[in-house]
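Here's the structure we're looking at; comments come further down.
The values are calculated or read from the model by the stated rules, or taken from the named source; none is laboratory data. This is a predicted model, so every value here is computed, not measured. FYI the Cβ positions are ideal-geometry reconstructions off the backbone, even for glycines, and counts take in every protein chain you see. Side chains included, ligands, DNA and RNA excluded: accessible areas come from the protein's heavy atoms. Shrake-Rupley method; radii C 1.70, N 1.55, O 1.52, S 1.80 Å.
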Amino acid sequence: RLLERVGAALDLDAGQRECLAELLDQLQRQRRALKSLAGGPEIPALLAGDSFARDEAQRLFDARLDALRAAGPALVAALGDFFDALDFEQQQALRFMLRRLRQRREAA
């Protein structure tokens with residue numbers, strides 16, 4: 001749905017839509033990875049003993065961060081490919097859309 005909304009708002013051609021689809025896919029992967037950080041079965045196990053399993057928690061946290069770091073370059077590349085595929089007017093429209101989104105979030 002976001003692909004269609006942004007695609008229509010920026011009047012994207014097929015190549016630009018493909019770049020946006022890749023960017024959204026990368027963002028979704030990162031989002032799932034972050035959600036798994038707090039939602040996995042490992043968290044209750046950390047709290048099961050008499051004291052918090054700090055060492056295991058740190059290992060779990062480090063492993064998740066390593067996974068996010070490994071995926072980072074692909075996300076940056078996808079964002080760069082999408083932005084660079086836009087013409088000047090589309091870049092300006094995207095900046096405006098992001099500014100409005102940021103303002104709405106700050107007001108909430």
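Numbers below:
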| item | result |
| --- | --- |
| Positions within the range 80-94 being surrounded by 11 or more Cβ atoms within 10 Å (Cβ to Cβ) and of a type outside the set (A, V, I, L, M), in sequence order | G80, D81, F82, F83, D87, Q90, Q91, Q92 |
| Condition met for R64 (open to solvent by 90 Å² or more (accessible area, probe 1.4 Å), part of a helix (DSSP H, G or I) and at negative phi) | no |
| Filter pass, E56 being part of a helix (DSSP H, G or I), open to solvent by 90 Å² or more (accessible area, probe 1.4 Å) and of a type outside the set (F, W, Y) | no |
| Residue match in the range 70-77 (condition: surrounded by 12 or more Cβ atoms within 10 Å (Cβ to Cβ), more than 17 Å from the chain's Cα centre (by Cα) and at negative phi) | no |
